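Structure first, commentary second.
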Amino acid sequence: MFIDGKIIEEEATQKIEIINPATEEFLGKVPAGNISDVDRAITSARRAYDGWKKTPANARADALHQVAMKLRDHHDDLVRLLTMEEGKPLPENEEELWWCEETFDYYAELARHERGLVIPPGEVGQFNFVLREPWGVVSCIVPWNYPLLLLVWKIAPALAAGNTVVIKPSKMTPLTTLRIAEIAFDLLPAGVANVITGYGSQVGDQMVTHPDVSMVAFTGSLAVGQRIAGLAGPMMKKMHLELGGKDPMVIAPDVEIPVAVSALAYAALINTGQVCTSTERVYVHQSIFPHFVEELASFVSKLRLGNGLEQGTDIGPMIRNRFREGVEEQIAEAVTEGAKVVTGGKRPADHEKGFFLEPAVLVDVHHSMRLMKEETFGPVIPLMPYRNFDQAIALANDNPYGLGASLMTHDARFVKRFFEEIQAGTVWINDPLTDNFAGPFGGMKMSGIGRELGLEGYHEFTQLKHVHWDIEGGLKDYWFPY
């Protein structure tokens, strides 16, 4: 673990083994932390908070830039370790590290000029202004699918705003986070950033309920998010929850089918479909539906499964066997209810080791199936035809989640209707799953509370204070006695 500015290597009574999902080989062990470890980390963060809050913004910015430079210095090694630990192909992890480096730089610069605003006073001789102040100690609980990117999207704005952080990586992917702490967090004052490893029930709950924690930032499942809300809500803590999705894509009749097929395959299968914004429901205009399905099945069946470290790998493994089994169950259940598997959905015969699953394309699906209602989080593309754009929007909105939604078309009338009527926090037109440092990311409906990235992502880690200053300070005619 990393507490108070240094790696803690003392023996723990319980260890968590980390394995490579592509080879099932042992990678290492980390301690299963306990309440005492959490308390030590949060106490360290609380002790560092007053000094970090008062550190001039330029100095905080310089520190974050130095962290970014350290990540760049170790870029190749971190990409390789992340690939062994999490399974994504090297090109995808190259992108994840690049995003981390650039995010630190982006929020370093926001820290220089985001402090508040001056507002018009009510009377002559008064001065009114609004300050943005940090919350204090922020608990950051991070999932396994983008363990660095989703971490940095939290801690970069949190630190830029003057908060201190305690981080819990997923028990399946802690090694790269610890490596970053070792090589980069030592550039920060001791206690400003801490890393605790362990299980959610033993570590995560304590990070949420500890009285010295003012804010909880979490990315993960709806069920865990609801549990966090239940624990933090009565304590009136600030919550930032990104809780997954069941993202739709609508394919209009005017598309170039090869382009739309490639876009959909990327949106549905990047990181083996283990992305909160993965396209998990597809609606194709009935006039092109048969041709589109044929082209998609052909494209998907040619994608290359393999170890993410190997050149030419398109699709890596799923993170663990139980997740693969969950996806297989959804596919099998849909088939019993009338769905047809056009291609994939099986474990590849040429991979005896690793948690691989062939990308699946399904048709004859409908909204009463679990496959079309609940988050799948795996390499599955179910498609339905639609008659007109009214029906397409209705189908796309027919889900309790609202994280993202994609549209493939060159018809501006469709585009305008889509972004105005779709219930999702991010709308992609012809370029799915592409983020922007300055564009807020987050969901509507059951997909969570709050936004990451952009100025909005910075503001999430600040609270407002209004200052009303009467410079003259004289008697007021509206004071007692009346």
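A short reminder: the numbers here are calculations on the coordinates, not readings from a lab. These figures come from a predicted structure and were not determined experimentally. Cβ atoms come from the backbone with ideal geometry, glycine included; neighbour counts cover every protein chain shown.
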Residues with amide H under 5 Å from that of residue 452, placed H, sequence gap 5 or more: 441, 442
Amide H neighbours of residue 27 under 5 Å, counting only residues 5+ apart in sequence or on other chains, H built in-plane at 1.01 Å? 18, 19, 20
In degrees, nearest 10, range 0 to 90: what is the angle between the Cα axis of helix 222-232 and the longest Cα principal axis of the chain? 20 degrees
Once the Cβ-Cβ distance between residue 397 and residue 24 is put in as r, and R0 is 30 Å, what FRET efficiency do you end up with, to the nearest 0.05? 0.15
Gyration tensor on Cα atoms of the chain, a ≥ b ≥ c root eigenvalues, a/c under 1.5 rounded, else prolate if a/b beats b/c, else oblate, says oblate
Förster radius 30 Å - calculated FRET efficiency between residue 444 and residue 76 (Cβ-Cβ, nearest 0.05): 0.20
Can you work out the PRE-style zone for residue 347? Point 7 Å along Cα to Cβ, and I want the residues of the range 1-45 with backbone N under 16 Å. 21-25
In deg cm²/dmol, rounded to the nearest 500, the helical mean residue ellipticity at 222 nm of the chain, built from -39500 (n - 2.57) for every DSSP H run of length 4 or more, is -11500 deg cm²/dmol
On a straight-distance basis, which lysines could pair with residue 54 in a cross-link, Cα separation under 30 angstrom, same-chain partners fewer than 8 positions away excluded? 6, 70, 154, 168, 237, 238, 465
With a cut-off of 14 Å, note down the residues of the range 101-134 whose backbone N falls inside the zone around a label point 7 Å from the Cα of residue 471 toward its beta carbon. 119-129
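Would you kindly state how much longer the chain becomes between residue 370 and residue 223 on full extension, computed as 0.36 nm times their sequence separation minus their alpha carbon distance, in nm to one decimal?
Stretched fully, the residue 370-residue 223 segment lengthens by 51.3 nm.
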Burial order of peptide ranges 231-241, 156-166 (average beta-carbon count within 10 Å, highest first): 156-166, 231-241
Quick one: angle between helix 35-54 and the longest Cα principal axis of the chain, in degrees between 0 and 90, rounded to 10, please. 60 degrees
Integer Hz, Karplus 6.51/-1.76/1.60 couplings in order for the range 392-408, x for Gly and Pro: 4, 5, 4, 5, 4, 7, 7, 6, x, 8, x, 7, x, 7, 10, 9, 10
Report the extension gain between residue 113 and residue 291 in nm, rounded to one decimal, defined as 0.36 nm multiplied by the number of residues separating them, less their alpha carbon distance. 58.8 nm
Helix 57-73 sits at what angle to the longest principal axis of the chain, using alpha carbons and giving 0 to 90 degrees rounded to 10? 30 degrees
With the dipole of the range 221-301 worked out from charges on the C-beta (+1 for Lys and Arg, -1 for Asp and Glu) around the Cα centre, which of 226, 258, 273 lies farthest toward the positive end? 226
Sort the following peptides by mean Cβ neighbour count (other Cβ atoms within 10 Å, averaged over residues), highest first: 55-66, 188-199. 188-199, 55-66
Inter-part gap, Cα centre of the range 281-319 to Cα centre of the range 171-198, in whole angstrom, is 36 Å
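Let's test the formula: R0 of 60 Å, r as the Cβ-Cβ distance of residue 11 and residue 266. What FRET efficiency results, to the nearest 0.05?
0.85
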Percent antiparallel among DSSP beta bridges with both residues in the chain, to the nearest 5? 45 percent
Around residue 428, which amide H atoms from residues at least 5 apart in sequence, or from another chain, sit under 5 Å from its own amide H, with H modelled in the peptide plane? 405, 406, 407
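What is the magnitude of the charge dipole of the range 247-429 about its Cα centre, with +1 placed on the Cβ of each Lys and Arg, -1 on the Cβ of each Asp and Glu, and no other charges, expressed in debye to the nearest 20?
Roughly 160 debye for the range 247-429.
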DSSP-defined beta bridges in the range 247-429 - what % are antiparallel, rounded to 5: 15 percent
